[in-house]
Amino acid sequence: MTDEEKFRFDLTGFLVRPAILERAEVDAIVDQIERIHHNPESLPPEHRAVPGGPASVLIDHPKVLEVLHQIIGPDVRLENSFSVWRRKGQEHGGLHGGGPQQGDPIFGYCVNNGRIHAGMVRVVFELTDISKNDGATHFIAGSHKSNLPMHPDHMSLEAGKRSPFLMTYACPAESAIFFTENLCHAGPVWQRETPRVAVLNAYAHLATHWHRLRIPPEVLSALPREKQAYFREPWVADFRTSPATINTIERFVNNDEPPVNTDTQP
Ligand SMILES: O=C(O)CCC(=O)C(=O)O
Ligand SMILES: [Fe+2]
(Lines give C-alpha, C1' and ligand atoms only; values in the text may rest on other atoms or scores of the structure.)
(Ligands and ions follow the chains in the order given, each with its own letter.)
Protein backbone atom coordinates (compact mmCIF):
# COMPACT_ATOMS: atom_id res chain seq x y z
CA MET A 1 0.00 0.00 0.00
CA THR A 2 1.54 3.30 -1.03
CA ASP A 3 1.65 6.36 1.21
CA GLU A 4 -0.74 8.05 -1.20
CA GLU A 5 -3.24 5.16 -0.89
CA LYS A 6 -3.01 5.35 2.91
CA PHE A 7 -3.54 9.10 2.83
CA ARG A 8 -6.52 8.73 0.52
CA PHE A 9 -8.10 5.95 2.61
CA ASP A 10 -7.65 7.89 5.83
CA LEU A 11 -8.97 11.12 4.32
CA THR A 12 -12.06 9.71 2.60
CA GLY A 13 -12.68 6.27 4.18
CA PHE A 14 -12.49 4.42 0.86
CA LEU A 15 -9.94 3.40 -1.73
CA VAL A 16 -10.08 2.02 -5.29
CA ARG A 17 -7.46 -0.42 -6.52
CA PRO A 18 -8.16 -0.57 -10.25
CA ALA A 19 -7.57 -3.62 -12.44
CA ILE A 20 -6.11 -6.02 -9.87
CA LEU A 21 -7.88 -9.12 -11.25
CA GLU A 22 -7.16 -11.05 -14.44
CA ARG A 23 -9.73 -10.91 -17.24
CA ALA A 24 -10.12 -14.72 -17.17
CA GLU A 25 -10.79 -14.65 -13.40
CA VAL A 26 -13.49 -12.02 -13.88
CA ASP A 27 -15.14 -13.96 -16.75
CA ALA A 28 -15.30 -17.13 -14.64
CA ILE A 29 -16.76 -15.32 -11.61
CA VAL A 30 -19.35 -13.45 -13.72
CA ASP A 31 -20.46 -16.78 -15.22
CA GLN A 32 -20.71 -18.27 -11.72
CA ILE A 33 -22.74 -15.31 -10.36
CA GLU A 34 -25.11 -15.36 -13.32
CA ARG A 35 -25.80 -19.04 -12.61
CA ILE A 36 -26.10 -18.49 -8.83
CA HIS A 37 -28.81 -15.91 -9.43
CA HIS A 38 -30.63 -17.51 -12.38
CA ASN A 39 -29.77 -21.17 -12.71
CA PRO A 40 -28.08 -22.54 -9.57
CA GLU A 41 -28.75 -26.18 -10.51
CA SER A 42 -26.30 -25.80 -13.39
CA LEU A 43 -23.52 -25.44 -10.78
CA PRO A 44 -22.10 -28.08 -8.47
CA PRO A 45 -23.49 -27.48 -4.92
CA GLU A 46 -20.12 -26.24 -3.65
CA HIS A 47 -20.14 -23.41 -6.24
CA ARG A 48 -23.71 -22.22 -5.56
CA ALA A 49 -22.65 -19.41 -3.25
CA VAL A 50 -19.70 -17.05 -3.00
CA PRO A 51 -16.94 -17.27 -1.91
CA GLY A 52 -16.89 -20.84 -3.32
CA GLY A 53 -15.79 -21.93 -6.79
CA PRO A 54 -14.24 -19.32 -9.12
CA ALA A 55 -15.00 -16.53 -6.58
CA SER A 56 -12.58 -18.13 -4.13
CA VAL A 57 -9.65 -16.33 -5.81
CA LEU A 58 -10.98 -13.19 -4.14
CA ILE A 59 -10.74 -14.51 -0.56
CA ASP A 60 -6.99 -14.07 -0.21
CA HIS A 61 -6.02 -12.07 -3.28
CA PRO A 62 -2.54 -10.63 -2.56
CA LYS A 63 -3.49 -7.10 -3.67
CA VAL A 64 -6.42 -7.21 -1.26
CA LEU A 65 -4.58 -8.75 1.69
CA GLU A 66 -1.83 -6.16 1.29
CA VAL A 67 -4.33 -3.40 2.02
CA LEU A 68 -6.23 -5.29 4.74
CA HIS A 69 -3.04 -6.06 6.65
CA GLN A 70 -2.24 -2.35 6.75
CA ILE A 71 -5.68 -1.04 7.67
CA ILE A 72 -7.01 -3.86 9.91
CA GLY A 73 -3.85 -5.66 11.06
CA PRO A 74 -1.78 -8.73 10.22
CA ASP A 75 -4.54 -11.22 11.18
CA VAL A 76 -7.86 -10.94 9.40
CA ARG A 77 -10.95 -13.07 8.95
CA LEU A 78 -13.49 -13.03 6.14
CA GLU A 79 -16.77 -12.83 7.95
CA ASN A 80 -19.34 -12.31 5.22
CA SER A 81 -19.54 -12.60 1.45
CA PHE A 82 -22.35 -12.01 -1.02
CA SER A 83 -22.77 -11.53 -4.74
CA VAL A 84 -24.82 -8.96 -6.63
CA TRP A 85 -26.54 -9.24 -9.99
CA ARG A 86 -28.25 -5.84 -9.97
CA ARG A 87 -30.55 -4.86 -12.81
CA LYS A 88 -31.55 -1.34 -13.81
CA GLY A 89 -33.95 0.05 -11.18
CA GLN A 90 -32.77 -2.27 -8.38
CA GLU A 91 -30.89 -0.98 -5.34
CA HIS A 92 -29.26 -2.06 -2.10
CA GLY A 93 -30.49 0.97 -0.19
CA GLY A 94 -29.93 4.54 0.91
CA LEU A 95 -27.12 6.12 2.91
CA HIS A 96 -26.38 4.33 6.18
CA GLY A 97 -23.57 4.15 8.74
CA GLY A 98 -21.08 6.85 9.53
CA GLY A 99 -20.83 9.23 12.41
CA PRO A 100 -19.45 8.94 15.91
CA GLN A 101 -18.61 5.26 16.15
CA GLN A 102 -14.83 5.51 15.92
CA GLY A 103 -14.54 3.86 19.32
CA ASP A 104 -16.76 0.91 18.46
CA PRO A 105 -14.69 -2.29 18.43
CA ILE A 106 -16.54 -3.76 15.44
CA PHE A 107 -17.05 -0.78 13.14
CA GLY A 108 -14.55 1.61 14.66
CA TYR A 109 -11.87 3.63 12.93
CA CYS A 110 -8.82 5.31 14.42
CA VAL A 111 -5.22 6.12 13.63
CA ASN A 112 -2.58 5.70 16.29
CA ASN A 113 1.18 6.14 15.97
CA GLY A 114 0.80 6.45 12.22
CA ARG A 115 -1.08 3.13 11.97
CA ILE A 116 -4.63 2.81 10.72
CA HIS A 117 -6.90 0.60 12.85
CA ALA A 118 -10.12 -0.05 10.93
CA GLY A 119 -12.77 -2.43 12.22
CA MET A 120 -14.82 -4.16 9.56
CA VAL A 121 -13.73 -3.36 6.00
CA ARG A 122 -15.94 -4.11 3.03
CA VAL A 123 -14.23 -4.98 -0.25
CA VAL A 124 -16.37 -4.54 -3.36
CA PHE A 125 -15.06 -6.47 -6.37
CA GLU A 126 -16.52 -4.77 -9.43
CA LEU A 127 -16.82 -7.32 -12.24
CA THR A 128 -18.26 -4.93 -14.85
CA ASP A 129 -16.85 -1.58 -15.97
CA ILE A 130 -18.16 1.20 -13.74
CA SER A 131 -18.76 4.82 -14.73
CA LYS A 132 -19.67 7.52 -12.23
CA ASN A 133 -23.30 7.70 -13.39
CA ASP A 134 -24.06 3.99 -13.11
CA GLY A 135 -25.05 3.95 -9.42
CA ALA A 136 -22.26 1.88 -7.88
CA THR A 137 -21.53 2.29 -4.16
CA HIS A 138 -21.60 5.92 -2.97
CA PHE A 139 -19.87 7.35 0.08
CA ILE A 140 -20.00 10.47 2.24
CA ALA A 141 -16.27 11.14 2.21
CA GLY A 142 -14.77 11.59 5.66
CA SER A 143 -17.91 10.48 7.54
CA HIS A 144 -16.00 7.54 9.10
CA LYS A 145 -14.31 10.17 11.32
CA SER A 146 -17.33 12.36 11.96
CA ASN A 147 -17.86 13.17 15.63
CA LEU A 148 -21.51 14.09 15.25
CA PRO A 149 -24.39 11.97 13.97
CA MET A 150 -25.00 12.14 10.22
CA HIS A 151 -26.98 15.30 9.45
CA PRO A 152 -30.22 14.83 7.47
CA ASP A 153 -29.15 17.53 4.97
CA HIS A 154 -26.37 15.16 3.83
CA MET A 155 -28.43 11.97 3.59
CA SER A 156 -30.19 12.37 0.23
CA LEU A 157 -29.35 10.57 -3.02
CA GLU A 158 -31.83 12.69 -5.00
CA ALA A 159 -30.40 14.83 -7.78
CA GLY A 160 -30.11 18.42 -6.58
CA LYS A 161 -30.25 17.38 -2.91
CA ARG A 162 -26.98 15.49 -2.72
CA SER A 163 -24.31 16.34 -0.20
CA PRO A 164 -21.23 18.00 -1.72
CA PHE A 165 -19.29 15.25 0.09
CA LEU A 166 -21.11 12.42 -1.73
CA MET A 167 -18.56 10.55 -3.84
CA THR A 168 -18.41 7.49 -6.03
CA TYR A 169 -15.90 6.03 -8.47
CA ALA A 170 -15.27 4.91 -12.03
CA CYS A 171 -13.16 1.80 -12.62
CA PRO A 172 -12.59 -1.10 -14.99
CA ALA A 173 -14.24 -4.48 -14.38
CA GLU A 174 -11.28 -6.02 -12.58
CA SER A 175 -11.14 -3.62 -9.62
CA ALA A 176 -11.50 -3.72 -5.83
CA ILE A 177 -12.95 -0.92 -3.70
CA PHE A 178 -12.19 -0.91 0.01
CA PHE A 179 -14.26 1.00 2.55
CA THR A 180 -14.47 1.06 6.30
CA GLU A 181 -17.91 0.09 7.55
CA ASN A 182 -17.81 3.23 9.66
CA LEU A 183 -18.12 5.26 6.47
CA CYS A 184 -21.63 6.43 5.57
CA HIS A 185 -22.41 4.66 2.30
CA ALA A 186 -25.22 3.61 -0.04
CA GLY A 187 -26.01 1.14 -2.81
CA PRO A 188 -28.20 3.43 -4.95
CA VAL A 189 -30.62 2.59 -7.75
CA TRP A 190 -28.71 0.98 -10.61
CA GLN A 191 -28.98 3.13 -13.72
CA ARG A 192 -27.37 1.12 -16.51
CA GLU A 193 -29.12 -1.24 -18.95
CA THR A 194 -26.56 -3.98 -18.32
CA PRO A 195 -26.42 -5.44 -14.79
CA ARG A 196 -23.94 -4.64 -12.03
CA VAL A 197 -22.11 -7.84 -11.19
CA ALA A 198 -20.09 -7.68 -7.99
CA VAL A 199 -18.88 -9.63 -4.98
CA LEU A 200 -18.86 -7.91 -1.58
CA ASN A 201 -16.61 -9.40 1.08
CA ALA A 202 -16.50 -8.14 4.68
CA TYR A 203 -13.17 -8.59 6.47
CA ALA A 204 -12.45 -7.94 10.14
CA HIS A 205 -9.85 -8.46 12.83
CA LEU A 206 -9.20 -12.13 13.66
CA ALA A 207 -10.69 -11.65 17.14
CA THR A 208 -14.10 -10.37 16.02
CA HIS A 209 -17.14 -11.86 14.35
CA TRP A 210 -20.22 -9.73 13.70
CA HIS A 211 -22.19 -11.41 10.88
CA ARG A 212 -23.69 -14.77 11.70
CA LEU A 213 -22.11 -16.94 9.05
CA ARG A 214 -24.56 -18.17 6.45
CA ILE A 215 -22.27 -19.65 3.84
CA PRO A 216 -23.56 -23.17 3.08
CA PRO A 217 -21.37 -25.85 4.75
CA GLU A 218 -20.76 -27.63 1.43
CA VAL A 219 -19.32 -24.40 -0.03
CA LEU A 220 -17.02 -23.84 2.94
CA SER A 221 -15.82 -27.42 3.21
CA ALA A 222 -14.90 -27.58 -0.51
CA LEU A 223 -12.48 -24.64 -0.21
CA PRO A 224 -8.78 -25.41 0.02
CA ARG A 225 -7.50 -25.40 3.59
CA GLU A 226 -5.55 -22.12 3.06
CA LYS A 227 -8.79 -20.36 2.08
CA GLN A 228 -10.88 -22.04 4.80
CA ALA A 229 -8.37 -20.49 7.17
CA TYR A 230 -10.08 -17.11 6.64
CA PHE A 231 -13.12 -18.65 8.36
CA ARG A 232 -11.25 -20.04 11.35
CA GLU A 233 -12.63 -19.56 14.85
CA PRO A 234 -12.38 -15.91 16.01
CA TRP A 235 -9.72 -15.99 18.71
CA VAL A 236 -6.06 -14.99 18.87
CA ALA A 237 -4.33 -16.75 21.79
CA ASP A 238 -4.97 -20.04 23.61
CA PHE A 239 -3.41 -19.90 27.10
CA ARG A 240 -3.94 -23.58 27.87
CA THR A 241 -0.44 -24.03 26.46
CA SER A 242 2.74 -22.30 27.45
CA PRO A 243 3.76 -20.38 25.50
CA ALA A 244 0.24 -19.53 24.33
CA THR A 245 -0.90 -21.06 21.05
CA ILE A 246 -1.55 -18.39 18.44
CA ASN A 247 -4.39 -18.84 15.98
CA THR A 248 -2.29 -18.40 12.85
CA ILE A 249 -3.21 -19.46 9.33
CA GLU A 250 -0.27 -21.91 9.40
CA ARG A 251 -1.61 -23.56 12.55
CA PHE A 252 -5.09 -23.91 11.01
CA VAL A 253 -3.70 -25.31 7.75
CA ASN A 254 -1.65 -27.90 9.63
CA ASN A 255 -4.44 -29.32 11.76
CA ASP A 256 -7.90 -30.64 10.98
CA GLU A 257 -9.94 -28.20 13.03
CA PRO A 258 -13.15 -27.24 11.20
CA PRO A 259 -13.79 -23.62 10.24
CA VAL A 260 -16.27 -21.62 12.33
CA ASN A 261 -19.73 -23.20 12.50
CA THR A 262 -22.14 -22.44 9.73
CA ASP A 263 -25.38 -22.55 11.63
CA THR A 264 -28.19 -23.26 9.23
CA GLN A 265 -30.91 -23.11 11.90
CA PRO A 266 -33.46 -20.26 11.63
O1 LIG B 1 -24.69 -2.37 -2.88
C2 LIG B 1 -23.86 -1.51 -2.61
O3 LIG B 1 -23.29 -0.83 -3.47
C4 LIG B 1 -23.53 -1.23 -1.16
C5 LIG B 1 -23.71 -2.43 -0.28
C6 LIG B 1 -23.65 -2.11 1.19
O7 LIG B 1 -24.22 -1.18 1.67
C8 LIG B 1 -22.86 -2.98 2.06
O9 LIG B 1 -22.35 -3.98 1.58
O10 LIG B 1 -22.73 -2.69 3.27
FE1 LIG C 1 -23.87 -1.18 3.90
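Starting from the amide H of Ser146, placed 1.01 Å from N in the peptide plane, find each other amide H under 5 Å away whose residue is 5 or more places distant or on another chain.
Residues meeting the amide H criterion: Gly99.
Report the FRET efficiency, 1/(1 + (r/R0)^6), for Phe165 and Ser221, where r is their Cβ-Cβ distance and R0 is 45 Å, rounded to 0.05.
With R0 = 45 Å, the Cβ-Cβ based efficiency is 0.55.
Once you place label points 7 Å from the Cα toward the Cβ at Asp104 and Arg8, how far apart are they in nm?
Going by the 7 Å Cα→Cβ label model, 2.6 nm.
Which value in deg cm²/dmol, rounded to the nearest 500, describes the helix-derived mean residue ellipticity at 222 nm for the chain, given -39,500 (n - 2.57) per DSSP H run of n ≥ 4 and division by the residue count?
Calculated from helices alone, the mean residue ellipticity at 222 nm is -5000 deg cm²/dmol.
Simple spin-label model, 7 Å along Cα-to-Cβ: Asn261 to Asp27 in nm?
Taking the simple label geometry, Asn261 and Asp27 are separated by 4.3 nm.
For the peptides 233-245, 82-94, 44-56, what is the packing order when you average, over each peptide's residues, the other Cβ atoms within 10 Å and list the highest mean first?
44-56, 82-94, 233-245
Might you tell me the accessible area per residue for the chain, computed with a 1.4 Å probe and given in Å²?
Computed with neighbouring chains in place, this is 47 Å² per residue.
State the answer as a single residue: which of Thr194, Met120, Gln101 lies farthest towards the positive end of the charge dipole of the chain, with beta carbon charges of +1 for Lys and Arg and -1 for Asp and Glu, about the Cα centre.
Among Thr194, Met120, Gln101, the one farthest towards the positive end of the dipole of the chain is Gln101.
Amide H neighbours of Ala19 under 5 Å, at least 5 residues apart or on other chains, H built in the peptide plane: list them.
Hits under the 5 Å cutoff: Glu174, Ser175, Ala176.
Taking +1 at the Cβ of each Lys and Arg and -1 at the Cβ of each Asp and Glu, which of Val253, Ala204, Tyr230 sits farthest along the dipole of the range 3-253 towards its positive end, judged by Cα position relative to the Cα centre?
Sorting the options by dipole projection puts first Ala204.
List the residues, sorted by chain then number, that are 5 or more residues from Ile72 or on another chain and whose placed amide H is less than 5 Å from its amide H.
Long-range HN contacts for Ile72: Ala118.
At a 1.4 Å probe, what is the % contribution of carbon and sulfur to the accessible area of the range 3-253?
Answer for the range 3-253: carbon and sulfur cover 54 percent of the accessible area.
Would you tally the net charge around Leu223, using a Cβ to Cβ cut-off of less than 11 Å, leaving Leu223 out, and scoring K and R as +1, D and E as -1?
Within the 11 Å Cβ shell, the charges total -2.
Under the 0.36 nm per residue contour assumption, what length would be gained going from the current alpha-carbon distance of Val253 and Arg115 to full extension?
Full extension of this stretch gives 46.8 nm more.
Name the residue from Tyr169, Leu65, Leu43 whose Cα lies farthest towards the positive end of the charge dipole of the chain, charges +1 on Cβ of Lys and Arg and -1 on Cβ of Asp and Glu.
Of Tyr169, Leu65, Leu43, it is Tyr169.
Take the cross-link list Lys132/Lys161; Lys6/Lys63; Lys88/Lys161 and give me the ones stretching past 19 Å between alpha-carbons.
Pairs exceeding 19 Å: Lys88/Lys161.
Relative contact order of the chain: what whole-number percent is it, with Cα pairs under 8 angstrom and at least 6 residues apart?
Worked out over the chain, it gives 28 percent.
Output wanted: per-residue J couplings in Hz (rounded whole) for the range 151-163, from phi through Karplus 6.51 cos²θ - 1.76 cosθ + 1.60, θ = phi - 60°, x for Gly and Pro.
8, x, 5, 10, 10, 9, 9, 5, 4, x, 10, 6, 5
Using the Karplus equation 6.51 cos²θ - 1.76 cosθ + 1.60 (θ = phi - 60°), what ³J(HN,Hα) coupling, rounded to whole Hz, does each residue of the range 132-142 give in order, writing x for Gly and Pro?
5, 9, 6, x, 6, 4, 10, 9, 8, 4, x
The values are calculated or read from the model by the stated rules, or taken from the named source; none is laboratory data. Model, not experiment: these values are computed from the prediction. FYI the Cβ positions are ideal-geometry reconstructions off the backbone, even for glycines, and counts take in every protein chain you see. Heavy atoms of the whole protein, side chains included, go into the accessibility calculation; ligands, DNA and RNA do not. Shrake-Rupley method; radii C 1.70, N 1.55, O 1.52, S 1.80 Å.
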